[in-house]
Amino acid sequence: MAASVLRSASGPPRLGLPGLWCRRRPPRGLWARARRLPGLAGSGRSVAAASGSGAAGADRYCVELLRKRDYEGYLCSLLFPAESRSSAFALRAFNVELAQVKDSVSEKTIGLMRIAFWKKTVDDIYCDNPPQQPVALELWKAVKRHNLTKRWLMKIIDEREKNLDDKAYRNIQELENYAENTQSSLLYLTLEILGVKDLHADHAASHIGKAQGIVTCLRATPYHGSRRRVFLPMDICMLHGVSQEDFLRKNQDKNVRDVIYDIASQAHLHLKHARSFHKSVPMKAFPAFLQTVALENYLKRIQQVDFDIFHPSLQQKDTLLPLSLYIQSWRKRY
């Protein structure tokens, strides 16, 4: 890891960062079914034509899907400029559809069939012939409006397909690579929706996407543990002598917390790198990076409970998140 090594009198060397991670504190005590929509005849259709009564429910479907399955993404999308908001909802709904494939199927073959549907859907969208599925219709409109890059959409799909195997990440770099191809690719597309073409914004998006992927892996650990699965990087677990069984048993020993500390430190490091580009990133790009508010909030909360990944407070929704996001949006910061 790129984090610096901190030594303490209480244990072995630990990976950490200045500021937020300078010391450990004592613990303290978000699919509705898709409705079939009337067909839209012909190819080479315009967005205006597809926005009539036949597709009137598609936009509402995407918003509701996000509200139920990606509440933080829903809140962030609400703060997008009006001309970009519906496209942001469509893009995030597309991500939700792919993300929930793995947990909604009992056999890998069924998951592969759903992934294949979305591969064909993206191909059809770029042939101006989207299927009559709400998210697909809204994504087609977004592609038409903003000329979205097909490569990023396919990267997300391909990486989700690889991830259908129930295997832990071999190392932190493998987790970061997965996050780059999914979360960072999503941010590159979001920047296109906002009309931003900037190298510094792309660098920030890469780091924020990696931080998002790492934090998502941490947040999902209790859920995965309840299904007897552990996806945390094996190299860090081995470094601290922790087995998958320790997480399945919700072991709270110091070495288990050290694993979480090291992984969380890497997420914080990526946030720090992303913010180092703050003065060079166009202000127009800032809505795409609002998710850093939720990421930093989670990292602070997990520190407050002494890196106990199973602490009940980490599973509770942050009621102040809407206000925090609004303030950060108003301040034009990320």
*asked:* So the check is Cβ under 6 Å with 6+ separation or different chains; which pairs have a first residue in region 150-168 that's farther than 20 Å from Cys217 by Cβ and a second one that's polar (S, T, N, Q) and open to solvent by less than 60 Å² (accessible area, probe 1.4 Å)?
replied: Trp152/Ser185
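Being more than 16 Å from the chain's Cα centre (by Cα), in a helix (DSSP H, G or I), under 29 Å from Leu325 (Cα atoms) and modelled with pLDDT of 95 or more narrows it down to one residue among Arg67, Arg60; which is it? Can you show your working first?
Details: Arg67 fails: more than 16 Å from the chain's Cα centre (by Cα).
Being more than 16 Å from the chain's Cα centre (by Cα), in a helix (DSSP H, G or I), under 29 Å from Leu325 (Cα atoms) and modelled with pLDDT of 95 or more holds for just one of Arg67, Arg60, which is Arg60.
If you scan region 302-334, which residues turn out to be of a type in the set (S, T, N, Q) and more than 22 Å from Arg69 (Cα to Cα)? So that I can check it myself, show each step before the final result.
If we filter region 302-334 for residues that are of a type in the set (S, T, N, Q), which is where we start, we get 303-304, 313, 315-316, 319, 324, 328-329.
The answer is Gln303, Gln304, Gln328, Ser329.
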*What is the number of the single condition among (1) farther than 24 Å from Ala179 by Cβ; (2) surrounded by fewer than 20 Cβ atoms within 10 Å (Cβ to Cβ) that Asp70 does not meet?*
(1)
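Among the residues of region 157-175, is there at least one that is touching a Leu at 6+ places or on another chain (Cβ under 6 Å) and surrounded by fewer than 18 Cβ atoms within 10 Å (Cβ to Cβ)? Even if it seems obvious, please write down each step before you answer.
Residues of region 157-175 that are touching a Leu at 6+ places or on another chain (Cβ under 6 Å), as a first pass: 160, 169.
Now restrict to residues that are surrounded by fewer than 18 Cβ atoms within 10 Å (Cβ to Cβ): none.
No.
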*Any chance you could count how many residues in region 284-334 are modelled with pLDDT under 95, surrounded by 15 or more Cβ atoms within 10 Å (Cβ to Cβ) and outside any helix (DSSP H, G or I)?*
3
*Could we say that Gln266 is out of contact with any strand residue (DSSP E or B) (no Cβ under 7 Å at 6 or more places or on another chain), within 19 Å of Thr221 (Cβ to Cβ) and modelled with pLDDT under 95 here?*
no
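If you go through region 301-322 one residue at a time, do you hit one that is basic (Lys, Arg) and more than 21 Å from the chain's Cα centre (by Cα)?
As a first pass, look at region 301-322 and keep what is basic (Lys, Arg): 301, 317.
Add one more test, that the residue is more than 21 Å from the chain's Cα centre (by Cα), and what stays is none.
No.
The values are calculated or read from the model by the stated rules, or taken from the named source; none is laboratory data. Keep in mind it's a predicted model, so treat the numbers as computed, not measured. Counting neighbours? That spans all protein chains shown, and the Cβs are built from the backbone with ideal geometry, glycine included. With ligands, DNA and RNA removed, areas are computed over all heavy atoms of the protein, side chains included. Shrake-Rupley method; radii C 1.70, N 1.55, O 1.52, S 1.80 Å.
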